[in-house]
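The values are calculated or read from the model by the stated rules, or taken from the named source; none is laboratory data. Everything numeric here is computed off the predicted structure, so don't read it as measured data. Here the Cβ is made from the backbone with ideal geometry for all residues, glycine too, and neighbour counts use every protein chain on show.
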Amino acid sequence: MTMARKLKLSSSRRAEMGVGTLIVFVSIILIAAIASSVLIENTDLMRDRTDGTGRSAMEGVSSIMSVDSVMGLITNDDQLDQINIYLRLGAGSPSIDLSKMSIVLTAQHSGGSVYRSLVMDKSIGEETFTAEWIQEKRADSFLDQGEFVKVQIGQNGSTELNLEKGCTVTIVLMPQNGVMTTMEMNAPENQPRGFFDMRR
């Protein structure tokens, strides 16, 4: 009769250490993978933000309007009632949305100080200016390279100037992005009725 051999499993400390090391190694790989994905996501987000900031900065620096002339109108009541500003873009300037531009007009005359803040869109301001493109224009409010526009303040619009002759007028053109344009002009006291060049 054959006796069944009993097998005895002995514990191996070296095997236990090997399994523990494997668990630690796998954990390190998982943590590294998670950290890498977070770093990649944050890098993409920072790059997008940097690109957007760079574009805004470039637009702010390069968006320039060039004023060709400013014409004032002395009406029958011997007052300065209309100002026409003829604009084009400066060389290399990107397009400017005139519907998002604001104009600040201040004047000093014997009647005191006058302040006007004007916008193109009637829905966001009571006092407005109008913009008329000299040549054919597609249906938008952007001033593009090669275009020429007349911006009109006063006379048959929502803004009444009623400025006395001899007054000093300061106009600031403020695009949404870009360089502000400031002009200081006078309406001579002896100026006859009709249009005249306010920048002469």
request  = Output the strands (runs of 3 or more DSSP E) that fall wholly within the stretch 103-194 and possess 2 or more residues being out of contact with any His (no Cβ under 6 Å at 6 or more places or on another chain), in the same structural domain as residue 74 (by TED's automatic domain parsing) and of a type in the set (Val, Ile, Thr), or say none.
outcome  = 112-119, 149-154, 168-174, 181-186
key: Selected residue (only one of 66, 27, 37 is assigned to a strand (DSSP E or B) and either modelled with pLDDT of 80 or more or aliphatic (A, V, I, L, M) (or both))   = 66
task = Count, please, the residues in the stretch 167-185 that happen to be at pLDDT below 90 and either under 17 Å from residue 110 (Cα atoms) or small (Gly, Ala, Ser) (or both).
result = 1
task = Would you be able to tell me the number of residues in the stretch 79-96 that are over 31 Å from the mean Cα position of the chain (by Cα) and farther than 11 Å from residue 187 by Cα?
result = 0
note = Only one of (1) closer than 14 Å to residue 118 by Cα; (2) crowded, with 18+ Cβ neighbours inside 10 Å; (3) of a type in the set (A, V, I, L, M, F, W, C) does not apply to residue 169, and that is (1)
ask   = What about residue 191, is it in contact (Cβ under 8 Å) with a residue 60 or more places away in the chain and either charged (D, E, K, R) or touching a Ser or Thr at 6+ places or on another chain (Cβ under 9 Å) (or both)?
value = no
